[in-house]
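J.: Supplied in structure tokens, the structure appears directly below.
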Amino acid sequence: MTVEEHARRYPEVWRRFSPRETLTRYVWYVSIVFVAVWSVSNLDISWFYFLDAHLQLADLAIRMWPPDVAFTALLLAPLVETIHIATLGTAVTVVIAFPIAFLAARNTTFNAATWFIGRFILVASRSVNTVVWGLLFVAIFGPGPVAGIWAIAFRSIGFMGKLVAEAIEEIDRGAVEAIEATGASRLQVLWIGILPQVLPVIYGTTVYRWDINIRESTVLGFVGAGGIGILLYSSINQFQWREVAVILVAVFGVVVVSELISATVRQRIT
Amino acid sequence: MLEVTDLVKVYPTGTRALNGVSLTVDEPKVIAIIGPSGAGKSTLIRCINRLVEPTSGKILLDGVDIASLGRRELRKFRRRLGMIFQEYNLVERLTVMENVLSGRLGYVSFWQAYRRRYPPDDIRMAFQLLDRVGLSGYENTRADALSGGQRQRVGIARALMQQPDLLLVDEPTASLDPKTSRQIMRLLVELAHERGTPALVNIHDVGLAQSFTDRVVGLADGRIVFDGPVDRVTAQVLTDIYGEEDWSTTIREVEDEEEEREEAGVSRSKPPAREKKDEVTLGVAEGE
């Protein structure tokens with residue numbers, strides 16, 4: 001082998017990306033910056049308010065201090081109601097989302113039409129925010145926790161249904177095949193072959209969704225759907241910032257505890 | 001018993017996996033199906049219990065054509081065909097007992113299965129089989145806590161719970177180490193013989209096929225190119241099945257195996273009918 005041949009066969013330069021790929025990447029970077037700049041310029045933001053934002057923040061903090069500890073007594077009942085709304089809403093969700101998940105999973109649905117119906121329900125549920133569902137159900141059931149429970153459930157069905165349906169689609173086909181090969185009926189295959197495989201996901205997402213629902217149900221009161229949100233809303237409207245401080249601390253505490261519970265339970269599931 | 005005629009399977013992709021396979025099983029023997037990857041071994045076995053739908057051809061079991069059965073009759077018929085898989089295919093999060101009893105699903109109602117209330121006869125049979133495959137005491141262990149060899153024993157017990165008329169065995173040892181492979185093959189062959197159940201065994205390992213089975217069927221490109229007793233498998237036969245290769249070491253394994261078994265103190269003769277059902281198999285379970 002001559003020196004030239006050797007150099008051609010074993011070159012010293014190696015690049016991960018071709019110049020063309022590098023160029024494409026920079027075009028993407030520039031476009032993203034452009035989109036961000038365009039968004040901000042289009043929003044008509046009053047920069048004027050930024051000038052004294054730090055003063056407003058300090059002012060708010062001073063008005064919140066000291067928190068109105070006596071208010072705690074009034075706060076307890078709505079706080080418990082908030083937790084109940086989240087828990088009952090999650091329970092309703094599990095009952096409704098479970099069958100829908102099987103419809104929305106390709107390998108357990110009956111046909112293309114049932115699959116589409118299942119997916120449609122899941123997408124519809126997720127495309128509407130909990131607070132918007134709350135507005136709808138307050139119109140139907142009147143103000144109060146019942147509207148809140150349904151609002152929570154209708155938003156959560158899409159979340160749980162989607163995750164469980166994905167878990168069903170990812171199960172081990174082999175075990176299902178083996179159960180089918182024994183001459184088991186469709187329902188038996190579902191119960192013995194498929195359900196045990198998705199149970200951890202069902203448990204896990206239920207607890208996880210309950211934890212999210214506690215956070216969501218704290219604002220449901222803003223639209224009259226029960227819970228501590230009603231209190232928070234009225235305290236803000238009356239500029240009772242010392243009460244607001246107590247409510248925020250209480251909500252923070254409950255959310256931390258529910259997250260702890262949810263994390264522990266999900267870790268224990270095998 | 002089993003009579004497969006002109007079986008053809010064309011997959012939607014256009015692959016002709018089976019190209020007119022005819023096969024007769026008329027005595028309770030263990031039949032090895034050998035052949036290169038993609039020759040159609042798995043497809044053949046899966047067509048018999050219609051986990052794969054055959055394109056054309058007949059599969060007669062005691063005179064009934066499985067290929068033309070409706071959904072309902074097929075389910076009933078599948079109870080007579082026990083299947084054992086390469087990846088064991090247990091429901092991992094269920095216990096050993098639940099997995100073994102799932103072999104009875106074709107015989108019990110949904111509610112019995114739902115409440116895990118199987119008939120007493122089934123439960124006794126399950127305990128006997130667990131003992132026979134060397135897993136007594138493991139009934140409440142979850143399947144995902146078992147080793148590969150133990151899982152395959154559960155798979156064997158589940159298939160036998162069906163009291164099948166034919167065993168379909170798809171690569172039973174391909175995921176196991178050589179020692180466990182031999183133990184599993186030995187157990188499988190013993191059980192098939194003592195129960196008088198014929199077995200079709202897909203197997204990659206020609207050496208194992210030669211040491212444990214009675215008859216060998218060679219598949220190549222979806223056709224049967226050899227069908228005969230195990231001692232007629234020569235280098236030429238293997239070349240017909242797999243293509244040109246130096247087969248001398250593969251063939252010689254037969255003698256190696258027999259020597260090994262003599263050393264281990266096992267009698268060379270393997271009578272078709274072993275009566276002692278409670279006898280524990282060699283080297284079972286421990287240390288796997």
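The values are calculated or read from the model by the stated rules, or taken from the named source; none is laboratory data. Everything numeric in this text was worked out from a predicted model, so none of it was measured. Ideal geometry is used to build each Cβ from the backbone, glycine not excepted, and the neighbour counts take in all protein chains shown.
J.: Check residue B:105 against each of (1) without any contact (Cβ under 8 Å) to a residue 24 or more places away in the chain; (2) in contact with a helix residue (DSSP H, G or I) (Cβ under 6 Å, 6 or more places away or on another chain); (3) surrounded by fewer than 24 Cβ atoms within 10 Å (Cβ to Cβ) and name the one condition it does not meet.
T.: All conditions are met except number (3).
J.: Here's a follow-up. Could you pull out the residue among B:155, B:222, B:196 that is surrounded by fewer than 18 Cβ atoms within 10 Å (Cβ to Cβ) and touching a residue at least 40 places away in the same chain (Cβ under 8 Å)? Quick ask: steps written out before the conclusion?
T.: On the way: B:155 fails: surrounded by fewer than 18 Cβ atoms within 10 Å (Cβ to Cβ); B:222 fails: surrounded by fewer than 18 Cβ atoms within 10 Å (Cβ to Cβ).
On inspection, the qualifying residue turns out to be B:196.
J.: State yes or no: is residue A:96 among the aliphatic types (A, V, I, L, M), in contact (Cβ under 8 Å) with a residue 40 or more places away in the chain, assigned to a helix (DSSP H, G or I) and in the same structural domain as residue A:210 (by TED's automatic domain parsing)?
T.: Against the criterion (among the aliphatic types (A, V, I, L, M), in contact (Cβ under 8 Å) with a residue 40 or more places away in the chain, assigned to a helix (DSSP H, G or I) and in the same structural domain as residue A:210 (by TED's automatic domain parsing)), residue A:96 qualifies.
J.: Only one residue in A:246, A:255 is in contact with a helix residue (DSSP H, G or I) (Cβ under 7 Å, 6 or more places away or on another chain), surrounded by 19 or more Cβ atoms within 10 Å (Cβ to Cβ), assigned by TED's automatic domain parsing to the domain that holds residue A:142 and of a type in the set (Val, Ile, Thr). Which one?
T.: Details: A:255 fails: surrounded by 19 or more Cβ atoms within 10 Å (Cβ to Cβ).
None of the others qualify; the one that does is A:246.
J.: Which one of these is crowded, with 22+ Cβ neighbours inside 10 Å, of a type outside the set (Asp, Glu) and at the interface with chain A (Cβ under 9 Å from one of its Cβ atoms): B:91, B:96, B:100? Step through it out loud before you land on a result.
T.: On the way: B:96 fails: at the interface with chain A (Cβ under 9 Å from one of its Cβ atoms); B:100 fails: at the interface with chain A (Cβ under 9 Å from one of its Cβ atoms).
After applying the criteria, what remains is B:91.
J.: Could I ask something else about it? Could you list all residues from region A:191-205 that are more than 8 Å from chain B (Cβ to nearest Cβ) and either in contact with a Pro (Cβ under 6 Å, 6 or more places away or on another chain) or not hydroxyl-bearing (Ser, Thr, Tyr) (or both)? Don't jump to the end; show me each part of the working.
T.: Filtering region A:191-205 for residues more than 8 Å from chain B (Cβ to nearest Cβ) gives A:194-195, A:198, A:201-205.
Within region A:191-205, A:194, A:195, A:198, A:201, A:202, A:204 meet the criteria.
J.: Give me a count of the residues in region A:189-237 that are more than 24 Å from the chain's Cα centre (by Cα), among the β-branched types (Val, Ile, Thr) and surrounded by 24 or more Cβ atoms within 10 Å (Cβ to Cβ).
T.: So the count comes out to 1.
J.: Check A:164, A:146 and return the single one that is buried (at least 16 other Cβ atoms within 10 Å of the Cβ) and closer than 20 Å to residue A:195 by Cα. Reasoning before the result, please.
T.: Values: A:146 fails: closer than 20 Å to residue A:195 by Cα.
Unique residue meeting the criteria: A:164.
J.: Quick check: anything in region A:232-252 touching a residue at least 24 places away in the same chain (Cβ under 8 Å) and within 10 Å of chain B (Cβ to nearest Cβ)?
T.: For region A:232-252, residues touching a residue at least 24 places away in the same chain (Cβ under 8 Å) and within 10 Å of chain B (Cβ to nearest Cβ): absent.
J.: May I ask you to list the residues in region B:12-66 that are free of Cβ contacts under 8 Å to residues at least 24 places away in the same chain and outside any loop (DSSP other than H, G, I, E, B)?
T.: Correct list: B:24, B:64, B:65, B:66.
J.: Now for a separate question. Kindly provide the set of residues from region A:148-188 that are under 16 Å from the mean Cα position of the chain (by Cα) and within 13 Å of another protein chain (Cβ to nearest Cβ), ordered by number.
T.: If the condition is that a residue be under 16 Å from the mean Cα position of the chain (by Cα) and within 13 Å of another protein chain (Cβ to nearest Cβ), then no residue fits.
J.: While we're here: Only one residue in A:173, A:215, A:209 is of a type in the set (D, E, K, R) and either at pLDDT below 90 or closer than 30 Å to residue B:43 by Cβ (or both), so which one is that?
T.: Numbers: A:215 fails: either at pLDDT below 90 or closer than 30 Å to residue B:43 by Cβ (or both); A:209 fails: either at pLDDT below 90 or closer than 30 Å to residue B:43 by Cβ (or both).
Going through A:173, A:215, A:209 in turn, just one is of a type in the set (D, E, K, R) and either at pLDDT below 90 or closer than 30 Å to residue B:43 by Cβ (or both): A:173.
J.: Which one of these does residue A:179 not meet: (1) farther than 25 Å from residue B:86 by Cα; (2) touching a Leu at 6+ places or on another chain (Cβ under 8 Å); (3) in a helix (DSSP H, G or I)?
T.: Residue A:179 satisfies all of (1) farther than 25 Å from residue B:86 by Cα; (2) touching a Leu at 6+ places or on another chain (Cβ under 8 Å); (3) in a helix (DSSP H, G or I) except (1).
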